[in-house]
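Presented below is the structure to which this report refers.
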Amino acid sequence: MTGSNTAVSVRAALTARFTAPGAEFEVVEQTVRGIPMRVFSGGPQTLREVLLGSAAFGDRTFLVYGTERWTFAEHLRQVAGIARLLTGEYGLRTGDRVAVTMRNHPEWAPIFYAAQAVGLVVVPLNAWWSAAELRYALADSGAKVAIADAERTALIAPQRDELGGIPLIEVRGEGTPAPGVRRWADLLASLDLDASLPDADVRPDDDATILYTSGTTGRPKGAIGTHRNHCTNIRNTLLAAYVGAAIANGGEPPAPDPAAPQPGALCTFPLFHIAGITSLCYTVLTGAKLATQHRWDRVEALELVRREALTGVSGVPTVMRQLVEDAAADPSRVASLAGISMGGTPVPPDLIGRIDSGFASLVAPANGYGLTETTSAVVANSGADYVSHPDSVGRCMPGADVRVVDPATGDDVPDGEVGELWFRGPNIVRGYWNNPEATAAAFTDGWFHTGDLGRVHEGWVYVVDRMKDVVIRGGENIYCAEVEAALFEHPAVGDVAIVGVPHESLGEEAVAVVHLRPGAAPGPDVADRLRRHVGERLASFKVPTHVVFRDEPLPRTPSGKVLKRDLRAPVAAEVRGRA
């Protein structure tokens, strides 16, 4: 047995052991919404329970934002006051929606938990949306209250009448707010911070969030996440950490150490993204410190890790690559760092090797594959497994099942063959808000159709490409993620995307859109070298026919996905101009 297979067997065996009957993370059979599932029997079943458990962390630091900081006790008092305000003065009741749209300000946490504690539904809205997009989601969700930072307030306030006069609360605004807008500071001043949390009957399968998909095509859809979805996600995360600790301790979980340093995480994912919500939930569950930034600042990020002795950083691969490059020059600045987690978009395999070698295997890379509809990671790969299988997103989480389906027939394909990935389990959302047609198209008997092409071999899940992004050249499928991964291995490539453009006889041809690293100059010789680089690694039909260069970073969604729709037309025009 090889070393990598041994590591995989140990991890799988420990996961099975810790989820067995009577174990710490016991998994049991249960029917949820008429669908048979395997669910965690213990641990918090609702986000209200997660919040109440945080009382044990008292004066431990919870939130860090620049030089500002809040303890868990201060957070809990603020949550109780806001929860009473929402149910009292604003008259909200179980199931009512509260919209939140802002950058990663620390106010996110008390707003989110105040709503969850009394059975309200949080609707995180993309902070980069236009006024029209915000209006659509506010109207579609039927939000009863909106809370926004000053930039988003300026977009929403003029539309309040169209939205039925929705109450609007402005966070971190300056000067006199617009008519009908309440300042956050005034709201806080009105709270009774000695009040207890209101009683509420919150149940595992109650709705907790409506997260709108990134909307790379068409209007975004609101995925309805339940308390069970979110609690399953963070229990999965905790189990993975438990297994990792056991592997490091010879197969036995280390005894709790009250004197151990507090764990902490820098979350660079947007908090309106499912990965950001995971950070909000997991840090409260575990008593970890949560640091955020107004916007990504690579210099400040390293300083936060050093100053706060943070143990983890999470973000999209493009951001994490910058962190790795900066930290590699002097790893002592991030001596506390134990893990780097990535997601939101395919992770170039070369980056995993760089993390492992750059930190002498002391920092574990991790990748979670998932979508908004799977409540973050439904498959995960980490540590030694990831280093040995950097091209795989990993294995299914406990309770999650995967199928690989022929999109044309709906039939399962043989092991190792490519098809559409379908998932089912307690972390799959129940459907789309106010959109039964989209729900029926994307869910079959609880199975969620991801729209991703992939394969499964010996339990390892491989994501090949988005179905809509596959380039079909002369009848041959070119999986963009595979070609992009090859190009990322070239030292001159800072960022890259493969797009398909029309071709008269072949149907489509592949074009590489490249943003070079500093010091590299675009030109025909560089393009030829990049094409040869791909040809040395992949079949000749996968080599991009053209390479075009961009001076600016490629356009991406806040969750890190390249906006290929914004590239296709200008790239096609540029290619036509060369003909």
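The values are calculated or read from the model by the stated rules, or taken from the named source; none is laboratory data. All figures in this text were calculated on a predicted structure; none of them were measured in a lab. Positions of Cβ are generated from backbone atoms using ideal geometry, with glycine treated the same way; all protein chains shown enter the neighbour counts.
Below are the figures for this structure:
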{"read-out": "Candidates Ala481, Ala510 - the one that is under 20 Å from Gly368 (Cβ atoms) and buried (at least 16 other Cβ atoms within 10 Å of the Cβ)", "value": "Ala481"}
{"read-out": "Options Ala80, Ala73, Ala154; residue that is closer than 30 Å to Ala309 by Cα, surrounded by fewer than 17 Cβ atoms within 10 Å (Cβ to Cβ) and over 26 Å from the mean Cα position of the chain (by Cα)", "value": "Ala73"}
{"read-out": "All positions within the stretch 460-488 that are out of contact with any Ser or Thr (no Cβ under 6 Å at 6 or more places or on another chain), more than 18 Å from Val511 (Cβ to Cβ) and at pLDDT 90 or above", "value": "Val461"}
{"read-out": "The lone exception for Gly95 - which of (1) more than 23 Å from Thr557 (Cβ to Cβ); (2) buried (at least 23 other Cβ atoms within 10 Å of the Cβ) it fails", "value": "(2)"}
{"read-out": "Hits in the stretch 411-434 - residues which are buried (at least 16 other Cβ atoms within 10 Å of the Cβ) and either among the acidic types (Asp, Glu) or closer than 24 Å to Tyr136 by Cβ (or both)", "value": "Glu420, Val429, Arg430, Gly431, Tyr432, Trp433"}
{"read-out": "Residue satisfying condition, being over 18 Å from the mean Cα position of the chain (by Cα) and basic (Lys, Arg), within set Arg172, Arg235", "value": "Arg172"}
{"read-out": "Count of residues meeting criterion [hydroxyl-bearing (Ser, Thr, Tyr) and under 12 Å from Lys221 (Cα atoms)] in the stretch 404-445", "value": "2"}
{"read-out": "Any chance Ala127 is in a loop (DSSP other than H, G, I, E, B) and either within 21 Å of Pro220 (Cβ to Cβ) or touching a strand residue (DSSP E or B) at 6+ places or on another chain (Cβ under 8 Å) (or both)", "value": "yes"}
{"read-out": "Residue among Leu238, Leu266 that is among the hydrophobic types (A, V, I, L, M, F, W, C), modelled with pLDDT of 90 or more, within 27 Å of Ala99 (Cβ to Cβ) and in the same structural domain as Thr19 (by TED's automatic domain parsing)", "value": "Leu266"}
{"read-out": "Residues being touching a residue at least 24 places away in the same chain (Cβ under 8 Å) and acidic (Asp, Glu) - total across the stretch 141-187", "value": "4"}
{"read-out": "Enumeration of residues in the stretch 521-579 that are among the aliphatic types (A, V, I, L, M) and either over 29 Å from Met320 (Cα atoms) or part of a helix (DSSP H, G or I) (or both)", "value": "Val526, Ala527, Leu530, Val534, Ala539, Leu567, Ala569, Val571, Ala572, Ala573, Val575, Ala579"}
{"read-out": "Test: residue in the stretch 36-53 that is surrounded by fewer than 21 Cβ atoms within 10 Å (Cβ to Cβ), at pLDDT 95 or above and in contact with a Ser or Thr (Cβ under 8 Å, 6 or more places away or on another chain)", "value": "no"}
